[in-house]
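First the structure, in the form of structure tokens, and then the observations on it.
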Amino acid sequence: AQRVTQPEKLLSVFKGAPVELKCNYSYSGSPELFWYVQYSRQRLQLLLRHISRESIKGFTADLNKGETSFHLKKPFAQEEDSAMYYCALSRISGAAGNKLTFGGGTRVLVKP
Amino acid sequence: ETGVTQSPTHLIKTRGQQVTLRCSSQSGHNTVSWYQQALGQGPQFIFQYYREEENGRGNFPPRFSGLQFPNYSSELNVNALELDDSALYLCASWSNGELFFGEGSRLTVL
């Protein structure tokens, strides 16, 4: 069974401070990991995925298979980063689309 | 603009009734997924359709059913509504390995 755990419901940081959102997963196969973000009054959207190894809006995430983690980090938080963040997992396959298993989400509040 | 639109945005039903939620995705996005998001929780996979056939289902009872049409629109039907069905229902379509979400239909069951 696939499971994604985000242990923090709420993270409150000051502008300019580092922020790290934790994500742990359990999956027996080869997973593909994602971070989705939902800004206020906007739809859920993809922030980044581990296979692209990109930095999006200053955020990075490294897949650690040994620790089964995919923590999201940003060295200097901005007020516009305030949002709801969801970690998600799917299996890697050639099929067109796959079930995503989401964590419970972490709300990030960046204070001025 | 992701091109995934859902209707209605909000609706209220009573226990035991039936509901149909609709989704329209972009031309060429031939895989559509439906998710249920209860308050304070992450989205939970209901099922997925590919080329008008169900090709994946989560842990939801048969009273949750769906359809996908050739024009890239789809429906989620829920029969015999229960109070716990109150949630935000999200439709999403796949393109190039990315899932594009609609804004959701918020269902309240009284």
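The values are calculated or read from the model by the stated rules, or taken from the named source; none is laboratory data. Treat the numbers as computed from the prediction; the structure is a model and nothing was measured. Please note: Cβ atoms are built from the backbone with ideal geometry, for glycine as well, and neighbour counts cover all protein chains shown. Remember, those area values only see protein heavy atoms, side chains included, never the ligands or the DNA or RNA. Shrake-Rupley method; radii C 1.70, N 1.55, O 1.52, S 1.80 Å.
Pull up region A:46-59, narrow it to residues that are open to solvent by 60 Å² or more (accessible area, probe 1.4 Å) and not basic (Lys, Arg), then point me to the one that is nearest to A:Ala17 (Cα to Cα). Break it down into steps so the answer makes sense when it comes.
Step one: of region A:46-59, the residues open to solvent by 60 Å² or more (accessible area, probe 1.4 Å) are A:51, A:53-55, A:57.
Right, trim to not basic (Lys, Arg) and you get A:51, A:54-55.
Working: A:Ile51: 27, A:Glu54: 21, A:Ser55: 18 Å.
Taking the candidates together, the pick is A:Ser55.
Residues in region B:39-71 that are within 24 Å of A:Gln38 (Cβ to Cβ), more than 9 Å from every other protein chain (Cβ to nearest Cβ) and either more than 13 Å from the chain's Cα centre (by Cα) or open to solvent by 50 Å² or more (accessible area, probe 1.4 Å) (or both): 2 in all. Report every pair of residues separated by at least 6 positions or lying on different chains whose Cβ atoms are under 8 Å apart, first residue within region B:57-73 and more than 27 Å from B:Gly16 (Cβ to Cβ), second of a type in the set (D, E, K, R) and part of a loop (DSSP other than H, G, I, E, B). As it stands, the answer is B:Phe69/B:Glu52; B:Pro70/B:Glu52, since those pairs meet every condition given. Considering region A:31-51, the residues that are closer than 19 Å to B:Trp94 by Cβ and in a loop (DSSP other than H, G, I, E, B) include one that is farthest from the other protein chains (Cβ to nearest Cβ), namely A:His50. Taken over region A:1-26, residues that are modelled with pLDDT under 95, open to solvent by less than 60 Å² (accessible area, probe 1.4 Å) and more than 21 Å from B:Gly40 (Cα to Cα) amount to 1.
Inspect region A:9-22 for any residue being over 18 Å from B:Gly97 (Cα atoms), within 14 Å of chain B (Cβ to nearest Cβ), part of a strand (DSSP E or B) and touching a strand residue (DSSP E or B) at 6+ places or on another chain (Cβ under 7 Å) and give the result as yes or no. Yes, there is a match, as at least one residue in region A:9-22 is over 18 Å from B:Gly97 (Cα atoms), within 14 Å of chain B (Cβ to nearest Cβ), part of a strand (DSSP E or B) and touching a strand residue (DSSP E or B) at 6+ places or on another chain (Cβ under 7 Å). Looking across region B:72-85, the residues that are of a type outside the set (A, V, I, L, M, F, W, C) and open to solvent by less than 40 Å² (accessible area, probe 1.4 Å) come down to B:Ser73, B:Ser74, B:Glu75, B:Asn77, B:Asp85.
For region B:86-110, a residue qualifies if it is open to solvent by less than 70 Å² (accessible area, probe 1.4 Å) and in a loop (DSSP other than H, G, I, E, B), and the qualifying residues are B:Ser86, B:Gly97, B:Gly102, B:Gly104. From the set of residues in region B:23-38 that are crowded, with 16+ Cβ neighbours inside 10 Å and farther than 18 Å from B:Gly97 by Cβ, which is nearest to the chain's Cα centre (by Cα)? Restricting to residues being crowded, with 16+ Cβ neighbours inside 10 Å and farther than 18 Å from B:Gly97 by Cβ, the top hit is B:Trp34.
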